[in-house]
Amino acid sequence: MSARTEAGAASPTLELRDVAKSFGAVAALRSGTLEVSPGSIHALVGENGAGKSTLVKIVAGVHRRDAGTFRLLGTDVDFGSTAESKAAGVAVIYQEPTLFPDLSVAENIFMGRHPLRAGRRIDRPQMYAESEALFSRLGVHIDPRRPARGLSIADQQIIEIAKAISLDAALLVMDEPTAALSGVEVDRLFAVARSLRDEGRALVFISHRFDEVFALCDMVTVMRDGQYVSTDAVAETSVEQIVARMVGREVAELFPKVPAEVGDVVLEVEGLNRAGVFHDVSFQVRAGEIVALAGLVGAGRSEIARAVFGVDRYDAGRVALAGRPLPQRRPRAAIAAGMAFVPEDRRQQGLVIEGTIARNVASVIRTRLDRFGLLTARAENKAAGPWAGRLEVKTSALDMRAATMSGGNQQKVVLAKWLATEPKLLIIDEPTRGIDVGTKAEVHRLLSDLAGRGLAILMISSELPEVLGMADRVLVVHEGRIAAELDRDQATPESVMHAATGSVTPLSQEVTA
Amino acid sequence: MTVATGAPPPLPDDAIELAPSALSPAQRVLGGVLRSRELAVGLVLLALVAVTATQSSSFVFGSDGWRSLLVNPSILILLAVGQTVVIVTRNVDLSVGSTLGLTAYLTGRLFVDTGLPTPLVIVVAVLAGAGLGFVNGILVTFGRVPSLVITLGTLYIYRGVFLSWAGSDRINAGDIPDGFSSLGTEQVLTVPVLTVVALVVMGVVGYLMHTSRSGRELYAIGSDPDAAHLYGLPVARRVLVAFVASGALAGLAGVFYVARYGTVSSNAGFGIELQAVGAAVIGGVAIFGGSGTVWGAAIGATLLVTINSALPVLGIDDFWQRAVVGALILAAVALDRVLALRQERRLVAARDLDLGPPPPQAEKPSTSASSGSAS
């Protein structure tokens, strides 16, 4: 201790050295090293599965480390629970908001730490006032009395942030806090993060968006395969350098869609209509083609896809696959006809999250695998093996549970599950959301490869570069209508934006002028 | 993804100031009354009593009728209150019927075999109930087996202990000291003592659930157990306490049983656990935890007991009496579902109102940027 004070420099708020953690045979973290100084914002970047989330959970007290040094504010610590880490001054904002839907917004912020009046009774007026003060500091208005149920993801994230701020923590860890936020909300979050930094707190910021890392952070630590790679001052490094360290190789091409031979019409949608949701939607997807549904979030893209697949009803219109009309509201018929659907929210809709990888991959084709109505683990493994191998799912065994995998690997498992049905048409909603750069390129290569083999692909994406890079044709959806159909050479950022916003001013001319 | 047709797209990039989502206080009060399950069930109860009274005025106004109307629900109220504390944490306690039987018999035996003063007997019986609840709680929190299964097991075990202890023996009214059995008949301002005690217990538990940190934590645990762990809430301890409370209240209900009926045979409290769960559900306690109040459960318990005595007066035969109770439970669940859907829609709508006008200028379709675009 005396040596530290003699050194004069501020001791780091958080100090992790060679921290390791294994789950069974899988080493999630081999040697995690991270040093965060007070009054700085430290970015932690790495591919999915690099061990960032495991590192965060060790700091938060969710997991206990197997080995290594863990110091907080200069003291050796070993948290056995989240309550301990909280008490020591650590606040964590998780990737997925963790709220109590039945309870009020204010209670979600103050649960377990409610302001009290005489007799240790909860002081609700005080709690609401403090919540409102927190929200006004964040520049938002959320009624602290309303239940958390029904809040948008962005509002839920804001509640998490308000909670973290109210903890008055010395160390604030944010695990991809901006994934669900819009531009103005991100700016607001950054303003708050900077003011916390200026108060002398230490912040750890995990993100896949490099523009944000470079805009916000002072230092950046790169992790790869559960190991520490490097730490640099943000000012002294570049995106190319960091990406190269993250993937351990140069990223050649981010969106490598190879032109494929376009075949017959696979999907034909005619005059699809659902009051208040989408109107007069007609389009075709041919074999070997990737067609993107672009547009603003909330324009109705996912709803169209769900109706085509038969999950949601529609009032009028026709959906045909390979010339055969499909009944509505019958996903099973759509699957039998050769349609596959990878939803946006893979945890909730795409995976049996508690199931093994083999079970997940084999789940759609189990009627084909069973023998006298019985399904063996062996049959599942046999069917799942080749697909998992082809998609390079990084796991030690097929009997691992899906919940323990990284987001990128989960996406691959969902893809493997559907590809095992040998579909004619693949509908994929936000194929690379929450997936890091390296895996993104792999997913893109895979989609391109599948199209090359004659699969028809309908892709929904909010990432413009992905749309422009991958799609042979772009259908731009605006307020439930297809506002424009653009061929690959017509599709530019300007033309897509113009159609997506339905702006009256001819934006593309302004921009190109 | 939310539906945005005809409405402004969610969260445009430069929606500058977001409107407050606060409903006006008047709207909130009105909404609260309309959505108040306690009030709705209370009105059904009053209607039932009123209709029955028109058929037989002694049902309410006779001195016996009045007394029965008030005293009969007291045992089920205690059990429903205890059940609510457990259900709110996304658990269930099916062993309360056996706990009641066992503690009722214990109460009788203490009077027969020992000369313990009445207050001490009551304390011992309540502690015994708490002990049985503690066993449930330990098994649930450390066994990592759903409480439905655990307490189904202890339901049979506790009943088995009772049977092998009591055999064909029974406690008779003559064994009970007069001072104690008069508790079952004494009144305070025409309200039976047992009812007063039950209502006081309900009031205290309800007050604690609403105004103490640990009470609110019970709701949080039931609302989302995983989130409760991440919050660092003492989940195991709270759930354990909930089971102890349920057991203690079942023990008190056992004491009530002796005071009310005087005799205890080996089928005392048989099947009453399902009535307790039914009362809580009818009273608006969500079976998956996180919401509901003990007042609601108590009103639900009163309604269930009153139906059983009212329907014969109304000349409805035995089969239909049971069917009515079943229909009531199904109706309560259906109502919950409808209200939940409506509330969800309303909350989403309230949220979308917050989003402000669409941007005047064209915006890019997404806010995410590819790597390499910024450096």
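The values are calculated or read from the model by the stated rules, or taken from the named source; none is laboratory data. Since this is a predicted model, take the numbers as computed values, not measurements. All Cβ positions, even for glycine, are placed from backbone atoms using ideal geometry, and neighbour counts span all protein chains on display. For accessibility, only protein heavy atoms count, side chains too; no ligands or nucleic acids. Shrake-Rupley method; radii C 1.70, N 1.55, O 1.52, S 1.80 Å.
For the reader, a short list of remarks on this structure follows.
- Label sites at A:Arg64 and B:Trp165, each approximated as a point 7 angstrom past Cα along Cα to Cβ, lie 3.9 nm apart.
- Where trypsin sites (Lys or Arg not before Pro) fall in DSSP loop in the stretch B:125-176, at most 12 other Cβ within 10 Å: B:Arg144
- Legend: mean number of C-beta atoms from other chains within 10 angstrom of residue C-beta atoms, peptide A:210-219, equals 2.
- Once backbone amide H atoms are built at 1.01 Å from N, A:His478 has A:Ala483 as its partners under 5 Å, excluding neighbours fewer than 5 places away on the same chain.
- In nm, spacing of pseudo-spin labels at A:Asp315 and B:Ser36 (7 Å Cα→C-beta vector): 4.0 nm
- Full extension of the segment from B:Ser214 to B:Asn308, taken as 0.36 nm per residue of separation minus the current Cα-Cα distance, would add 30.2 nm.
- Highest-first packing order for the peptide set A:196-206, B:96-106 is B:96-106, A:196-206, based on the mean count of other beta carbon atoms within 10 Å.
- Stretched out straight at 0.36 nm per residue, the stretch from B:Leu43 to B:Leu341 would grow longer than its current Cα-Cα span by 105.0 nm.
- Taking all protein chains as they are arranged and a probe of 1.4 Å, the heavy atoms of B:Asp226 leave approximately 110 Å² accessible to solvent.
- Candidate residues A:His42, A:His478: accessible-area rank, largest first, probe 1.4 Å: A:His478, A:His42
- Model label points for A:Leu116 and A:Glu422, set 7 angstrom from Cα along the Cα-to-Cβ axis, are 6.8 nm apart.
- Mean partner shielding of peptide B:230-239, defined as the number of other chain Cβ atoms within 10 Å of each residue Cβ, is 4.
- At R0 = 60 Å, FRET efficiency that the Cβ-Cβ distance of B:Thr185 and A:Ser81 yields, to 0.05: 0.70
- Pairs from A:Lys57/A:Lys163; A:Lys163/A:Lys440; A:Lys21/A:Lys57 whose Cα-Cα separation, in the structure shown, is over 21 Å: A:Lys163/A:Lys440
- Extension gain for the segment A:Ala333 to A:Ile153, taken as residue separation times 0.36 nm less the Cα-Cα distance, is 61.5 nm to one decimal.
- Averaged over A:473-481, number of beta-carbon atoms from partner chains that fall within 10 Å: 2
- Karplus-derived 3J(HN,Hα), 6.51/-1.76/1.60, for each residue of the stretch A:120-128, Hz, glycine and proline x: 6, 8, 5, 9, 5, x, 5, 5, 5
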